[in-house]
Amino acid sequence: MVEYGFATQGQEIVSAFADQVKGKTFAITGPSEGGIGAEIAITLAKASPARLILFGRSREKTQSVIDSIAAASEQSSPVETDFIQVELASLASVRKAAQEVLSNTAITQIDGIVNNAGVMALPTYETTPEGYEKHLVTNYLSHFLLTNLLMPKLLASPSPRVVNLSSYGHRMSPFRFDDPQWSNGATYHPTYAYAQSKTANILFSVALNERLGTTHHLRSYAVDPGSVATSLTRHITPDQFKEGLELFAKHGIVRPERKTPAQGCAGPLRALLQPDISNEDGVYITDTKLTTDPAVVKTYATDREEARRLWELSEDVVVLPLCAVRLRLTVLKCDRARPCDNCVKRRESDKCVYPAVRDHARASKRTKKRLDRLESLVMGLIDRSVLQSRPSLDGEQQSLGGSRLHDSDRHRNLGSTNESLLDKPSIPSSSSSSALWESVLLDIAEIRSYFEEHELDFREQEIKVESSRNPLAGINILHTSPGECDMDTLLSSLLSRSAVDLLIENYFGMTNHSRPNGIDLRPFLGDPDEAMALFRTRTTQCLVSADYSKPLMEQLETLVVHLEAEFTSSPDSQIHVWVLMGSVVRLDMRNGLHREPSLFPEFTPFQCEMRRRMWLAIVQTDILMSFQVGLPAMIPKGQHDTMLPQNLREDDFDEDFTALPLSRPMNEVTNISFFIAKNPLLEVFAKIASHILDIHPNESDVETLESELYAARDALPPYYKMRPLEESTLDPPDVILARMGMDQSVHSGLCILHRRRLPLARSKPQFSYSRKVCVDAALTLLSYQAILHRESGPTGRFGAHRVMATSVTTNDYLLAAMLLCLDLRVGMSGPTHPASSDLSPVGQGSTG
């Protein structure tokens with residue numbers, strides 16, 4: 001193994017790991033001429049990287065470096081060089097620069113970033129536009145923000161690297177969590193401020209490895225390049241330089257020998273390029289070597305708890321640069337005035353903003369207790385006022401006063417609001433303060449009355465909800481014994497032939513989301529709820545008695561019908577139904593329904609087609625039901641090859657057919673056409689559901705999945721494409737409902753696809769498009785709910801049909817309402833970036 005050391009030059013590292021450079025993209029901050037950043041870029045250019053992204057203050061001052069990169073790459077292959085203007089002392093400028101990179105579609109990934117730029121030992125205390133100390137922002141916070149903003153591009157690389165430039169000077173100061181702002185300059189020292197920022201960079205690397213090292217193979221290193229002759233120290237006077245050496249000596253630090261930029265860039269390049277460096281211990285590199293020696297790298301700079309603490313503090317600062325957050329970086333207290341005293345002193349009155357106060361709902365019992373306590377306090381003040389209003393009190397009067405107070409407590413314990421207030425001791429009208437207390441008591445009575453009145457309404461609604469959630473009584477096949485059930489008992493539960501025929505007709509009339517309303521089943525069923533519970537119980541007993549785990553199609557078909565009955569028994573999702581669905585999936589696969597039946601000669605054409613239809617129903621139900629309970633689908637992707645059924649009517653084929661007729665065109669409606677047409681949509685929906693359940697999803701997949709979803713919608717047969725109701729005058733209700741069901745799947749998919757970005761979009765304009773899509777889709781879903789409600793009335797388009805509102809449909813509407821509430825809540829909690837305020841339709845939504 002090659003030994004690296006003080007004299008190692010960057011070119012040696014690049015030559016050794018040229019394969020880690022070729023065709024890759026690297027980002028570098030601070031590429032000023034003659035500096036370490038410029039040397040890194042020029043050295044990398046000699047090994048044919050695909051692209052170099054340079055973040056600098058001025059293109060004019062960086063042009064010579066860009067020219068040197070072009071010259072260095074002449075002998076290999078041209079290098080795309082992007083210059084991004086940024087002022088690292090401004091977090092707003094960093095956000096703008098990051099957005100420029102994120103919006104560049106030519107940059108698909110960033111394989112490594114070198115956070116090199118910085119300032120050193122500024123002689124006077126300076127703050128950034130956001131009000132933070134300049135070393136802290138330029139050397140650390142700006143790089144923390146930039147790296148996190150570019151994380152989608154970084155994580156698109158299979159093994160991204162983040163290199164943070166630190167210094168041996170970090171040994172002079174830990175991160176000052178109690179006062180990183182140096183008491184707003186009162187305790188500022190140039191050398192210690194610089195040291196604190198360099199300690200922060202090491203902790204940043206530790207935190208990155210903890211958070212993303214295992215899951216995304218990201219590695220980060222903090223590198224001390226050594227004492228390099230660059231322009232970093234150009235402003236330091238001889239006296240300041242001498243003072244710095246004395247401080248070094250005081251802390252036991254010996255100033256190392258000078259390095260050339262070619263030597264100084266070796267450490268960062270090794271951290272950036274060497275694949276197996278992760279096998280070594282530590283995050284700190286000095287003289288091109290990894291080390292954990294506490295004499296070289298302080299333990300406070302590599303402490304995991306300190307790294308976590310700094311990350312959380314930094315995250316608050318860069319995401320919420322509000323007045324209250326800035327105060328966390330100072331030791332001053334906020335007086336909560338508008339503007340507060342601290343902002344006035346800093347001449348930042350216009351920046352004084354408080355995060356919105358969270359409005360936590362309190363339980364009604366807790367509210368009652370608070371009202372009781374408040375009432376008790378007021379009564380005590382009243383009695384005290386009465387006593388104090390009399391210059392002298394004899395024992396009898398004192399006794400009466402005490403008796404009155406005791407009586408008031410007794411009345412209060414009775415729990416009657418009106419009696420409690422009316423029976424209070426009279427208040428002397430001559431006392432203005434007593435009149436005030438009387439007014440307060442009346443207000444309390446009004447508040448108490450309001451809560452009691454609305455508590456009754458709440459309890460009524462709660463009872464309604466609970467009653468709707470209680471599934472119809474019956475035997476749960478999963479965990480309840482079916483009991484004894486002989487054939488005579490089963491047969492006695494059957495209705496007459498005419499009633500059964502009517503029930504079957506009614507059942508098959510439910511196809512395509514609706515069924516006729518004109519069939520009155522009460523003469524046959526008596527109490528419908530009791531009849532349904534009895535039928536479900538008998539079905540369960542039949543399945544258990546026949547051992548439904550056997551691979552027989554008749555039993556499997558019965559189990560599927562039973563699953564449907566369980567699913568429709570409640571308007572809310574039921575976890576036991578999803579568990580039952582798992583049994584159906586496994587029994588289906590045990591019966592081989594996941595394999596294309598035409599490959600097996602024992603199946604007739606009729607059996608093949610029916611198996612395809614059943615498998616399609618199972619796959620689609622699994623996708624929707626699993627999403628409904630927030631869990632992964634149970635059918636493994638890529639482990640089934642059953643083809644889609646053909647678009648045939650029921651009278652197009654039967655058991656005696658030796659070959660199936662040709663499939664009807666998809667613009668011809670059959671009982672199966674809806675499910676065939678919807679399948680491509682649900683396949684993309686399944687991908688989206690899987691994406692959002694990933695622990696660390698690839699953000700670049702969002703745009704890809706969105707495009708696939710729109711493509712699947714555009715490929716729908718014209719008959720099933722959503723159109724405004726006024727253009728559907730001649731279309732039957734079941735067709736309109738089918739179209740709404742199709743489009744509802746699209747908008748539900750858009751909602752969940754962009755859900756994670758929705759709360760971020762208010763402060764991060766790069767997510768503004770996701771907010772638009774999410775809000776637009778949610779509003780469209782709720783408009784469909786309004787259409788269903790309106791048109792299902794007696795005079796509506798669907799008045800003659802009973803719309804089948806399943807728990808899946810309800811779940812979509814709840815999702816939409818929740819997202820809109822979330823967006824409004826986030827908007828109340830802080831300011832919204834102007835770029836995220838435009839909620840005009842994105843052009844992809846449908847209207848009803």
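What to note about this one:
- Residue ID - nearest to Y221 (Cα to Cα), chosen from residues in the stretch 270-291 that are part of a loop (DSSP other than H, G, I, E, B) and of a type outside the set (S, T, Y): V283
- A778 within 23 Å of S570 (Cα to Cα), in contact with a His (Cβ under 8 Å, 6 or more places away or on another chain) and hydrophobic (A, V, I, L, M, F, W, C): no
- Qualifying residue in the stretch 814-828 (condition: surrounded by 18 or more Cβ atoms within 10 Å (Cβ to Cβ), closer than 21 Å to A711 by Cα, at pLDDT 90 or above and within 18 Å of the chain's Cα centre (by Cα)): no
- The one condition in (1) under 27 Å from Q574 (Cα atoms); (2) crowded, with 20+ Cβ neighbours inside 10 Å that E609 fails to fulfil: (1)
- In the stretch 729-762, the residues that are within 30 Å of the chain's Cα centre (by Cα) and β-branched (V, I, T): V746, I752
- Hits in the stretch 142-158 - residues which are of a type in the set (A, V, I, L, M) and either assigned to a helix (DSSP H, G or I) or touching a helix residue (DSSP H, G or I) at 6+ places or on another chain (Cβ under 9 Å) (or both): L145, L146, L149, L150, M151, L154, L155
- Residue list for the stretch 639-655, filter: in contact with a helix residue (DSSP H, G or I) (Cβ under 8 Å, 6 or more places away or on another chain) and of a type outside the set (V, I, T): H640, M643, L644, P645, Q646, N647, L648, F653, D654, E655
- Verdict on T704 being loosely packed, with under 13 Cβ neighbours inside 10 Å, assigned by TED's automatic domain parsing to the domain that holds K772 and in a helix (DSSP H, G or I): yes
- Applying the condition of being outside any helix (DSSP H, G or I) and not hydroxyl-bearing (S, T, Y) to the stretch 186-205 and asking which residue is nearest to M172 (Cα to Cα) yields H189.
- Pairs are defined by a Cβ separation below 8 Å, a sequence spacing of at least 6 or placement on different chains, a first member in the stretch 688-712 that is farther than 21 Å from L624 by Cβ, and a second member that is hydroxyl-bearing (S, T, Y); the pairs so defined are I695/T215; H696/T215; S700/T108; V702/S770.
- Residue match in the stretch 108-115 (condition: modelled with pLDDT under 95 and either of a type in the set (A, V, I, L, M, F, W, C) or assigned to a strand (DSSP E or B) (or both)): no
- Close pairs (9 angstrom Cβ cut-off, 6 or more residues apart or separate chains): more than 16 Å from V14 (Cβ to Cβ) in the stretch 263-282, buried (at least 24 other Cβ atoms within 10 Å of the Cβ) and of a type outside the set (A, V, I, L, M, F, W, C) anywhere: G282/Y221
- Among the residues of the stretch 782-795, those identified as surrounded by fewer than 16 Cβ atoms within 10 Å (Cβ to Cβ) and either assigned to a loop (DSSP other than H, G, I, E, B) or acidic (D, E) (or both) are G793, P794, T795.
- Scanning the stretch 24-66 for residues that are of a type in the set (S, T, N, Q) and surrounded by 22 or more Cβ atoms within 10 Å (Cβ to Cβ) turns up T25, T29, T43, T62.
The values are calculated or read from the model by the stated rules, or taken from the named source; none is laboratory data. Not measured: the values here are computed from a predicted model. When we count neighbours, we look across all protein chains shown, and the Cβ atoms used for this are built from the backbone with ideal geometry, even at glycine.
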